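*Asks:* Dumping the structure here so I can ask a few things about it.
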Ligand code: RM4
Ligand code: MN
Ligand code: MN
């Protein structure tokens, strides 16, 4: 696949109109005291990691409908991630899942990624499923299990992930557990949390230098009545109790409907414990839909908090890590991931053009109408020319989905890879 050529010829036909639109937007923004070139640079510098498991089709608990040409191995998953990165230019980081992506030779995997301009961004452990041949079951929990031997096995799995993080140069290790209860009375809430925290401390003790530990809360599912790490407050408490390099990770789909997630973001940033994000969108639960597809205004409000927190240096914490965590049930995953990455850049640029001085003045004056108008003014500005120009300047596609469709990449993969079935089916 000659991507540079495909991208160049598509861009050549779209550039005249893009330049006209970019010029117009630049004059419009200049009237508001905003320099478009600065925005284009920020858009080019934006980064979000893609999940290796996201390039295969997802499914629901009812069914999964595979498409032809899905990746069968970690190397093929990386090939698909490379396509996304070439088209949108903001996704060089790949997040991997163990055991789904367990490499036989970590050095070989690292070299494979590096030769494609990619790297492992973070490792994700999996103690929410039983692995073939595993001694003890996670049916009733893992890090918070009532039996010490099960907890030990889950800790060991995470320590294996940390060794891999070290070998692959990953900057973070993320822990999400399925632990919790399906029925009232099943789990002793306080004791389960204590056991979880003990396990977390044992994992933290093995954290390599330069690596951060992220803990991901979730309000429900697979446990349907209660979860052990259920909300951001519990997550903040556990991160704080575990250590300086342990942070809370926010997955947008892991909250009850209507929860004010932008406020959670502000709180965690203020407390210096915002580690990172799993971006996706949802209507009802952990739907794992494409970022910005259902609630784009919420996504903008989240980025509004992020841009604001950045000005206050994240409460002393390192810059948060951004990742997409989606399940693509009815779309080609490459198209969904390209689109989602672009939606994040859009929300970021929208947040950058908020007139912060005016917003603060409106807040100080208790002028609710003016404050909302300032946010809406940024949100309703069509910044697409900035995003498209940033992609073009970075060597990417002005219109990534069109280039991808014209390439017939998936048809080519269907011929070489066939109809794959992926282990670890389920919600992802
Ligand atoms: C969970 C959670 C985790 C992801 C798994 C596959 O709901 O979002 O981050 O690793 O799904
Ligand atoms: Mn997640
Ligand atoms: Mn999830």
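The values are calculated or read from the model by the stated rules, or taken from the named source; none is laboratory data. None of these values were measured; they are calculated from a predicted model. FYI the Cβ positions are ideal-geometry reconstructions off the backbone, even for glycines, and counts take in every protein chain you see.
*Asks:* Search segment 240-256 for residues that are without any contact (Cβ under 8 Å) to a residue 24 or more places away in the chain and pair each with any residue that is more than 13 Å from ligand 1 (Cβ to nearest atom) when their beta-carbon atoms are under 9 Å apart and the residues are at least 6 apart or on different chains.
*Replies:* Note: no pairs meet the criteria.
*Asks:* Is it true that some residue in segment 403-422 is within 16 Å of ligand 3 (Cβ to nearest atom), in contact (Cβ under 8 Å) with a residue 60 or more places away in the chain and in a loop (DSSP other than H, G, I, E, B)?
*Replies:* Among the residues of segment 403-422, not one is within 16 Å of ligand 3 (Cβ to nearest atom), in contact (Cβ under 8 Å) with a residue 60 or more places away in the chain and in a loop (DSSP other than H, G, I, E, B), which makes the answer no.
*Asks:* Let me ask another. Determine, yes or no, whether residue 141 is without any contact (Cβ under 8 Å) to a residue 12 or more places away in the chain and on the phi > 0 side of the Ramachandran plot.
*Replies:* For residue 141, the condition - without any contact (Cβ under 8 Å) to a residue 12 or more places away in the chain and on the phi > 0 side of the Ramachandran plot - is not met.
*Asks:* OK, next. Residue 328 is checked against (1) touching a strand residue (DSSP E or B) at 6+ places or on another chain (Cβ under 7 Å); (2) within 16 Å of ligand 2 (Cβ to nearest atom) and fails just one. What number does that condition carry?
*Replies:* That leaves (1) as the condition not met.
*Asks:* Filter segment 275-305 down to the residues that are touching a helix residue (DSSP H, G or I) at 6+ places or on another chain (Cβ under 6 Å) and more than 13 Å from ligand 2 (Cβ to nearest atom) and list them by number.
*Replies:* Listed by number, the residues that qualify are 290, 292, 299, 300, 301, 302, 303, 304, 305.
*Asks:* Provide a single number: the residues in segment 219-248 that are over 19 Å from residue 198 (Cα atoms) and within 16 Å of ligand 3 (Cβ to nearest atom).
*Replies:* Residues that pass the stated criteria total 6.
*Asks:* Out of the residues in segment 195-218 meeting the condition of being touching a residue at least 40 places away in the same chain (Cβ under 8 Å) and within 16 Å of ligand 3 (Cβ to nearest atom), tell me which one is nearest to residue 182 (Cα to Cα).
*Replies:* Among them, the one singled out is 218.
*Asks:* While we're on this one: Looking only at segment 296-341, how many residues end up being in a helix (DSSP H, G or I) and under 30 Å from residue 64 (Cβ atoms)?
*Replies:* Selection size over segment 296-341: 13.
*Asks:* Considering only residues that are more than 16 Å from ligand 2 (Cβ to nearest atom) and within 26 Å of residue 208 (Cβ to Cβ), which ones fall in segment 240-274?
*Replies:* Hits for segment 240-274 are 240, 241, 242, 243, 244, 245, 246, 269, 271, 272, 273.
*Asks:* Just one of (1) surrounded by 15 or more Cβ atoms within 10 Å (Cβ to Cβ); (2) more than 19 Å from residue 1 (Cβ to Cβ); (3) in contact with a helix residue (DSSP H, G or I) (Cβ under 8 Å, 6 or more places away or on another chain) trips up residue 318, so point out which.
*Replies:* (3)
*Asks:* Let me confirm something: among 236, 204, 220, which residue is within 16 Å of ligand 1 (Cβ to nearest atom) and within 25 Å of residue 95 (Cα to Cα)?
*Replies:* Being within 16 Å of ligand 1 (Cβ to nearest atom) and within 25 Å of residue 95 (Cα to Cα) holds for just one of 236, 204, 220, which is 220.
*Asks:* Further question: Looking at segment 171-276, what helices (runs of 4 or more DSSP H) fall wholly within it and have at least 1 residues that are within 21 Å of the chain's Cα centre (by Cα)?
*Replies:* 232-242, 261-270
Residue-by-condition table, conditions (1) part of a helix (DSSP H, G or I); (2) modelled with pLDDT under 95; (3) crowded, with 16+ Cβ neighbours inside 10 Å:
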| site | (1), (2), (3) |
| --- | --- |
| 6 | yes, no, yes |
| 19 | yes, no, no |
| 33 | no, no, no |
| 41 | yes, no, no |
| 50 | no, no, yes |
| 66 | no, yes, no |
| 75 | yes, no, no |
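*Asks:* Also: Select from segment 268-281 the residues that are in contact with a strand residue (DSSP E or B) (Cβ under 8 Å, 6 or more places away or on another chain) and more than 9 Å from ligand 3 (Cβ to nearest atom) and list them in ascending order.
*Replies:* Result: 268, 273, 274, 275, 276, 277, 279, 281.
*Asks:* Test residue 229 against the criterion of being in contact (Cβ under 8 Å) with a residue 24 or more places away in the chain, within 14 Å of ligand 2 (Cβ to nearest atom) and either touching a strand residue (DSSP E or B) at 6+ places or on another chain (Cβ under 7 Å) or on the phi < 0 side of the Ramachandran plot (or both), and give yes or no.
*Replies:* When the stated conditions are applied, residue 229 passes them.
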